[in-house]
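So that we are looking at the same thing, I have put the structure below in structure tokens.
The values are calculated or read from the model by the stated rules, or taken from the named source; none is laboratory data. Values in this document were obtained by computation on a predicted structure and should not be read as measured data. Neighbour counts run over all protein chains shown; Cβ positions are idealised from the backbone, glycine included. Just so you know, the surface numbers come from the protein's heavy atoms only, side chains and all, with ligands and any DNA or RNA stripped out. Shrake-Rupley method; radii C 1.70, N 1.55, O 1.52, S 1.80 Å.
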4 protein chains.
Amino acid sequence: MLFVSDNTAPVHPQVWDAMRAADAPDAPYDGDALSQRLDAAFSALFDRECAVVWTSTGTAANCLALATLVPPYGGVVCHDDAHIEQDEAGAPEFYTHGAKLMLAHGPHAKLTPENIAAVVDPIRDDVHRVQPCTIAITQATEQGCTYTPGELATLTAYARAKGFSVHMDGARFANAVAHLGCSAAEAGPAHGIDTLTFGMIKNGAMGAEALILFDPAKAAEAKRRHKRAGQLQSKGRFLAAQLLAMLDGDLWLANARAANAAATAIAGAAVHRLLYPCEANEVFVRCTAEERANLRDQGFVFYDWGPDAARFVAAWNTPAEAAQALAKAIASL
Amino acid sequence: MLFVSDNTAPVHPQVWDAMRAADAPDAPYDGDALSQRLDAAFSALFDRECAVVWTSTGTAANCLALATLVPPYGGVVCHDDAHIEQDEAGAPEFYTHGAKLMLAHGPHAKLTPENIAAVVDPIRDDVHRVQPCTIAITQATEQGCTYTPGELATLTAYARAKGFSVHMDGARFANAVAHLGCSAAEAGPAHGIDTLTFGMIKNGAMGAEALILFDPAKAAEAKRRHKRAGQLQSKGRFLAAQLLAMLDGDLWLANARAANAAATAIAGAAVHRLLYPCEANEVFVRCTAEERANLRDQGFVFYDWGPDAARFVAAWNTPAEAAQALAKAIASL
Amino acid sequence: MLFVSDNTAPVHPQVWDAMRAADAPDAPYDGDALSQRLDAAFSALFDRECAVVWTSTGTAANCLALATLVPPYGGVVCHDDAHIEQDEAGAPEFYTHGAKLMLAHGPHAKLTPENIAAVVDPIRDDVHRVQPCTIAITQATEQGCTYTPGELATLTAYARAKGFSVHMDGARFANAVAHLGCSAAEAGPAHGIDTLTFGMIKNGAMGAEALILFDPAKAAEAKRRHKRAGQLQSKGRFLAAQLLAMLDGDLWLANARAANAAATAIAGAAVHRLLYPCEANEVFVRCTAEERANLRDQGFVFYDWGPDAARFVAAWNTPAEAAQALAKAIASL
Amino acid sequence: MLFVSDNTAPVHPQVWDAMRAADAPDAPYDGDALSQRLDAAFSALFDRECAVVWTSTGTAANCLALATLVPPYGGVVCHDDAHIEQDEAGAPEFYTHGAKLMLAHGPHAKLTPENIAAVVDPIRDDVHRVQPCTIAITQATEQGCTYTPGELATLTAYARAKGFSVHMDGARFANAVAHLGCSAAEAGPAHGIDTLTFGMIKNGAMGAEALILFDPAKAAEAKRRHKRAGQLQSKGRFLAAQLLAMLDGDLWLANARAANAAATAIAGAAVHRLLYPCEANEVFVRCTAEERANLRDQGFVFYDWGPDAARFVAAWNTPAEAAQALAKAIASL
């Protein structure tokens, strides 16, 4: 029973169907009819005009977003657990031509005006210091927590007051929306963020993420950088098909709800062991090496989270029975 | 009847089958069993050890290759019609951090020791001039021509004598091999090239190209650059599956032969109109605007090639009847 | 008798005096009183508001200018003999993060609307092609010729119509002004150029060039890039002192006139041998290897200019007698 | 009485003399006789072969060094107070094309195997994480402390064991040597560091620092990057002259001793107020805003060091009387 990562989940049947349906002649790159529908489809979802660029990875989407927001000589404030800092191999520095990531600290891998201020307030406004330009947050965070609409409103108000742009890494944006029970817009776009990586791959797609630009005037630049980064696939219709399939009938939301439900079941059995609140599809559980061995002996596959904890990730296809079995096993430790 | 580009051809059924078969849990990124088979599979094909990195585009493969071959302060000699110069939006400069493309001129979009020397010999060996480091050739070329094994032997001997590394952009490498009737190795790797982009997308795959490194010691660097470029897809098994399906039973060669045969049929009807010899799957035909309109009225779809010519591209799935119909129409102009 | 380059000329006594006078405590970097006077001093000279950044080399000034004008994914049209293409070791690509130099061809190393159009008109306006953004010209050119005010008006009107910004490499701007007999403004700034490298080092300074930004709003960005490029010297007052000394009493113009006069004397003896018109302080003379050996035997030091010519450069301190001696020697060949 | 920074100190008379003496015709760039003497002069000083490149700033020297040591996808461990992190405006990221600075924490702005390990040990050796390649230390540190030869031996042994190269930012290397009372080699080079910025500007030069490469085989690459960074001044003889003047008769050491003596005098009066040991020419003194105002009323000019301290920097020319006056004033607070 796999709880390693939603990264490895299968492709949803509706996504397969859409891809097969896309296998007809059309214009190459993003000139096909499906790619041309993306702006309208996401604009409808978010109830505001946006431009959409498909990418093959979340790293590419995040870093293209940052490249449109921060100059090479600027800085990006992010949490020290942020994926862009920890897991993207310097891609932000590559795409931005050397912008500096500035690391804030705080619980639940969340940024707040306070922990951002602790980073940026000591920076003298002179030419010797890299100046912060952009805030990058993750929804849901790297610790499986979500920003509430209220928190987002506070954070973006702070950003606007300071003149910072805001990027949201939404590798698990769907899971955040499912947890919050609000609209997709309220989970981020409604609060005035500039760019969003709407992750689809962990949630049922194969190899397509959506980079959303809430300033459509930035689309031309983003598309040049996208091509220049080797991201513009010639058979782009297959990426667009994936994204549209995920939007169709709110498959993204149904899948995220399923994953979250499995995680919630697991977390419910581990209330006193939770490292962080379970607000999406990841459960971080304090347990000893012996306990982890015990679980693995029962057939559960998962990552260690440091020496004293384990991370369990549920995916759109995690069987309820598997989640319950894991919950029971944890409760019995 | 579509002769616009092999870019837009459908995905081959065997590729679809392989992708479906890959939709089972496995390690993420390139840790899956299929990705792990690639080095051996291509080493067998080329009869020499190599390391393989999948990418989502030929641009990414070409530019990752160049980044491993040329320092930021070096130069890459290529033909002025080369894809890396004309169609990659500055991706070579991005991936190499600013290396300079140095443009050679010559018929059939081919480099020769002579036209390379015309570029590099006048460059003083001092610190004020960017120094050439690498030669980049395209097999088949941007004018649909191929380098023979003899030409490659001459060219790579020249490169070795000058201390230049050699990259081969093989977006249509399969078509070149099919035309030459030699082994895959003889069409490039056997002559001591350093890196090869073995294009699969135009030839029946969906979104996977193979970057081949003939110095496997370079693989670690290439993989870091690949991740950093946002190319490392989490469900990489689907890319590996495409590449292996193309290799399986030499599907790549069968597909290329089919495309070349269609092109040859068209070229046969246009012998006196050919801009360049037809040595792969592209046919460049001199014809007036009126003649092009005439062909379009008959339902043929294709690109203009400047004001006085047309480009017709056959793909793996071009029906023989369509090619014959086009041949007939051209002959009747 | 040295005619190798104005690069190696001594430092003018007034520059030495100004540097010695600057050796008193003041704020570091560009916070000193002398650096603070530069904007006003050059604004007065050009009769328009500008911002000034000192640099230690012309390469740095040119490339900082380009970095403020062209995005990493853009292109710069320049002559194929341009210093930024031929002699700056890829610095433009470094400072701009990979912008592409696009090479125009034409006599006298000059750009014209026609030869620029020959480069840019064939570039499709799509995402696959690097798009030209900026025109870079040299005044006086690398062949010792000058753009007249009329030519500049035509060129900048063309640039404006196309949406291109314009940089002027004025390594020998002073010599151009001296030749044209017009105001400093009329030799460039009056026609709506965006940035100018006003070269002082060849003309009597030691190690300070002036980067002039005619959009002072760009100064903040330029200064960040300048610091980031390692150009912000802590004892900047010594660079400012050099620039102010060169402006003081129009020393820059007197020095340039002296150099031009020497060159004119030489050119007058070589009218039928001139490769290009002598419109500044450089003389390019057709002569055989034997003739060059003959001149060298007489003690003249100079560069070959290809196999069949020689380049003679006069500097601010070239003795009139030396120029006359050379003129006589050439006439006697 | 100025204690703001050694940055603003005057140019030493012997440096002036050497510069004037250099004002004779010679080859441009670094082809002049003085520049050609640098390798031998510094090799003699350090008793080991090295190659030397002059630069106009310490930022350029540091960042050129890093560019030769770390690939764009690598990391540099430095102290969080390091000049390269705090005061170089992203120049390390620019010169290295995006390498990541990894921040260690510890007293006296010093790196130790322990605080480096705290940074690097948690970094998984996989392709998702930037891997540390290089350690950058500052001698004397940003808190005015020095590494002893023993500490350096320990640190470089650790670096070698881990496969890390080592750069030393020696903006105040002379002050460190003067404090340690050891040879120039023992203060760094003897322990197997790879590159050293030997700072001269704060210590009596005008605008020349020495980048020392202890692997002379790296000189060719460093010189290409140096030119490409716009650092190669055409009248380079004036920079070489400064460096040679500083070496001549160990002027660098005499100047540093003078500055250190002044700082020691000040520190002696503030023993109970010192933030850090005074081991070079900087004194960091705890004092209230009122006390600082008091000192300023007496004519002392200096920087605040956060809300509760002041930094006093002595230079080569600080009069002993001024240092004593300041010492007395501090003692009387």
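Would you mind telling me which numbered condition in (1) open to solvent by less than 10 Å² (accessible area, probe 1.4 Å); (2) touching a helix residue (DSSP H, G or I) at 6+ places or on another chain (Cβ under 8 Å) C:ALA109 fails?
Evaluating C:ALA109 over (1) open to solvent by less than 10 Å² (accessible area, probe 1.4 Å); (2) touching a helix residue (DSSP H, G or I) at 6+ places or on another chain (Cβ under 8 Å) leaves (2) as the failure.
Still on this model: Within segment B:43-62, can you find the residues that are touching a residue at least 60 places away in the same chain (Cβ under 8 Å) and within 13 Å of another protein chain (Cβ to nearest Cβ)?
Correct list: B:VAL53, B:TRP54, B:THR55, B:SER56, B:THR57, B:GLY58, B:ALA60, B:ALA61, B:ASN62.
Shifting gears a bit: List every residue pair whose Cβ atoms sit under 6 Å apart, with the two residues 6 or more apart in sequence or on different chains, where the first one lies in segment A:303-329 and is touching a residue at least 40 places away in the same chain (Cβ under 8 Å) and under 17 Å from A:PRO277 (Cα atoms) and the second, anywhere, is assigned to a loop (DSSP other than H, G, I, E, B) and aliphatic (A, V, I, L, M).
So the pair list comes out as A:ALA327/A:ALA269.
Among residues belonging to segment D:270-282 that are in contact with a strand residue (DSSP E or B) (Cβ under 9 Å, 6 or more places away or on another chain) and in a loop (DSSP other than H, G, I, E, B), point out the one that is nearest to D:LEU326 (Cα to Cα).
Once the filter is applied, the top-ranked residue is D:ALA270.
Now a separate question. What number goes with the only condition from (1) modelled with pLDDT under 95; (2) open to solvent by less than 30 Å² (accessible area, probe 1.4 Å) that C:PRO132 does not pass?
Every condition holds for C:PRO132 apart from (1).
Kindly indicate whether any position in segment D:173-181 is out of contact with any Asp or Glu (no Cβ under 8 Å at 6 or more places or on another chain), of a type in the set (A, V, I, L, M, F, W, C) and within 14 Å of chain C (Cβ to nearest Cβ).
For segment D:173-181, residues out of contact with any Asp or Glu (no Cβ under 8 Å at 6 or more places or on another chain), of a type in the set (A, V, I, L, M, F, W, C) and within 14 Å of chain C (Cβ to nearest Cβ): absent.
Being in contact with a helix residue (DSSP H, G or I) (Cβ under 9 Å, 6 or more places away or on another chain) and free of Cβ contacts under 8 Å to residues at least 12 places away in the same chain is the filter here; which residues of segment B:196-248 pass it?
Result: B:LYS227, B:ARG228, B:GLY230.
If a residue must be under 29 Å from B:ALA22 (Cβ atoms) and either open to solvent by less than 10 Å² (accessible area, probe 1.4 Å) or among the acidic types (Asp, Glu) (or both), how many such residues does segment B:256-268 contain?
Counting residues in segment B:256-268 that are under 29 Å from B:ALA22 (Cβ atoms) and either open to solvent by less than 10 Å² (accessible area, probe 1.4 Å) or among the acidic types (Asp, Glu) (or both) gives 2.
While we're looking at this one, here's another question. Can you tell me which of A:ALA65, A:ALA89 is assigned to a helix (DSSP H, G or I) and hydrophobic (A, V, I, L, M, F, W, C)?
A:ALA65
What's the number of the only condition in (1) in a helix (DSSP H, G or I); (2) within 11 Å of another protein chain (Cβ to nearest Cβ) that A:LEU244 fails to meet?
(2)
How many residues does segment B:155-180 hold that are within 14 Å of B:THR112 (Cα to Cα), among the polar types (S, T, N, Q) and in contact with a Ser or Thr (Cβ under 8 Å, 6 or more places away or on another chain)?
Result for segment B:155-180: 0.
Just one of B:GLY98, B:GLY144 is of a type outside the set (A, V, I, L, M) and touching a Cys at 6+ places or on another chain (Cβ under 7 Å); which is it?
Sole residue among the options that is of a type outside the set (A, V, I, L, M) and touching a Cys at 6+ places or on another chain (Cβ under 7 Å): B:GLY144.
Can you confirm whether segment C:170-190 contains a residue that is closer than 15 Å to C:VAL77 by Cα and surrounded by fewer than 24 Cβ atoms within 10 Å (Cβ to Cβ)?
no
Is it fair to say D:LEU152 is open to solvent by less than 10 Å² (accessible area, probe 1.4 Å) and farther than 30 Å from D:ASP17 by Cα?
yes
Can you tell me which of (1) open to solvent by 40 Å² or more (accessible area, probe 1.4 Å); (2) at the interface with chain C (Cβ under 8 Å from one of its Cβ atoms) is the one D:ALA40 doesn't meet?
For D:ALA40, the failing item is (2).
Looking at segment B:187-202, can you tell me whether even one residue there is closer than 17 Å to B:THR148 by Cα, within 14 Å of chain A (Cβ to nearest Cβ) and within 17 Å of the chain's Cα centre (by Cα)?
Looking for residues that are closer than 17 Å to B:THR148 by Cα, within 14 Å of chain A (Cβ to nearest Cβ) and within 17 Å of the chain's Cα centre (by Cα), one finds none in segment B:187-202, hence no.
How many residues does segment C:155-165 contain that are open to solvent by 10 Å² or more (accessible area, probe 1.4 Å) and in contact with a strand residue (DSSP E or B) (Cβ under 6 Å, 6 or more places away or on another chain)?
If we filter segment C:155-165 for residues that are open to solvent by 10 Å² or more (accessible area, probe 1.4 Å), which is where we start, we get C:157-158, C:160-165.
Filter once more, so that each one left must be in contact with a strand residue (DSSP E or B) (Cβ under 6 Å, 6 or more places away or on another chain): C:164-165.
Looking only at that region, the number is 2.
I need the strands (runs of 3 or more DSSP E) fully contained in segment B:95-196, keeping only those with at least 3 residues that are more than 30 Å from D:ASP30 (Cα to Cα) and hydrophobic (A, V, I, L, M, F, W, C).
Values: elements: B:100-104, B:131-138, B:165-170.
Of the strands (runs of 3 or more DSSP E) lying wholly inside segment B:95-196, those with at least 3 residues that are more than 30 Å from D:ASP30 (Cα to Cα) and hydrophobic (A, V, I, L, M, F, W, C) span B:131-138.
Counting only residues that are within 14 Å of chain B (Cβ to nearest Cβ) and open to solvent by 10 Å² or more (accessible area, probe 1.4 Å), which one in segment A:63-83 is farthest from D:VAL127 (Cα to Cα)?
Per the stated criteria, the residue is A:PRO72.
So C:THR146 fits all but one of (1) under 30 Å from B:GLY90 (Cα atoms); (2) touching a residue at least 60 places away in the same chain (Cβ under 8 Å); (3) away from chain D (no Cβ under 14 Å); (4) of a type in the set (Ser, Thr, Tyr); what number is the exception?
Among (1) under 30 Å from B:GLY90 (Cα atoms); (2) touching a residue at least 60 places away in the same chain (Cβ under 8 Å); (3) away from chain D (no Cβ under 14 Å); (4) of a type in the set (Ser, Thr, Tyr), the lone unmet condition for C:THR146 is (1).
Let me ask something else about it. Among the listed residues B:GLU114, B:GLU88, identify the single one that is surrounded by 18 or more Cβ atoms within 10 Å (Cβ to Cβ) and either more than 14 Å from chain A (Cβ to nearest Cβ) or within 23 Å of B:ARG228 (Cα to Cα) (or both).
From the options B:GLU114, B:GLU88, the qualifying one is B:GLU88.
Here's another thing I want to ask about it. Here are some residues: C:PHE94, C:PHE3. Which one is within 14 Å of chain D (Cβ to nearest Cβ), surrounded by 24 or more Cβ atoms within 10 Å (Cβ to Cβ) and closer than 30 Å to B:ALA104 by Cβ?
Values: C:PHE3 fails: closer than 30 Å to B:ALA104 by Cβ.
Only one candidate passes the filter, namely C:PHE94.
Can I ask one more? Answer yes or no as to whether C:VAL52 is open to solvent by less than 30 Å² (accessible area, probe 1.4 Å), in a strand (DSSP E or B) and in contact with a Phe, Trp or Tyr (Cβ under 6 Å, 6 or more places away or on another chain).
In short, yes.
Hey, among the residues in segment B:9-36 that are within 7 Å of another protein chain (Cβ to nearest Cβ) and either in contact (Cβ under 8 Å) with a residue 40 or more places away in the chain or under 15 Å from A:GLY207 (Cβ atoms) (or both), which one's surrounded by the most Cβ atoms within 10 Å (Cβ to Cβ)?
B:VAL11
For D:LYS100, are the conditions met, namely being under 28 Å from D:GLU221 (Cα atoms), open to solvent by 40 Å² or more (accessible area, probe 1.4 Å) and in contact with a helix residue (DSSP H, G or I) (Cβ under 8 Å, 6 or more places away or on another chain)?
no
Which members of segment B:269-309 meet the condition of being open to solvent by less than 20 Å² (accessible area, probe 1.4 Å) and under 21 Å from the mean Cα position of the chain (by Cα)? Lay out the reasoning, then the answer.
Applying the first criterion (open to solvent by less than 20 Å² (accessible area, probe 1.4 Å)) to segment B:269-309 yields B:270, B:280-285, B:287, B:292, B:295, B:300, B:302, B:309.
Scanning segment B:269-309 gives B:ALA280, B:ASN281, B:GLU282, B:VAL283, B:PHE284, B:PHE302.
Return only the number of the condition from (1) β-branched (Val, Ile, Thr); (2) within 14 Å of chain C (Cβ to nearest Cβ); (3) within 30 Å of A:ALA310 (Cα to Cα) that A:VAL130 does not satisfy.
A:VAL130 satisfies all of (1) β-branched (Val, Ile, Thr); (2) within 14 Å of chain C (Cβ to nearest Cβ); (3) within 30 Å of A:ALA310 (Cα to Cα) except (3).
Could you run through segment A:199-222 and say how many residues are open to solvent by 10 Å² or more (accessible area, probe 1.4 Å) and closer than 17 Å to A:ALA40 by Cα?
Residues flagged as open to solvent by 10 Å² or more (accessible area, probe 1.4 Å) and closer than 17 Å to A:ALA40 by Cα within segment A:199-222 amount to 8.
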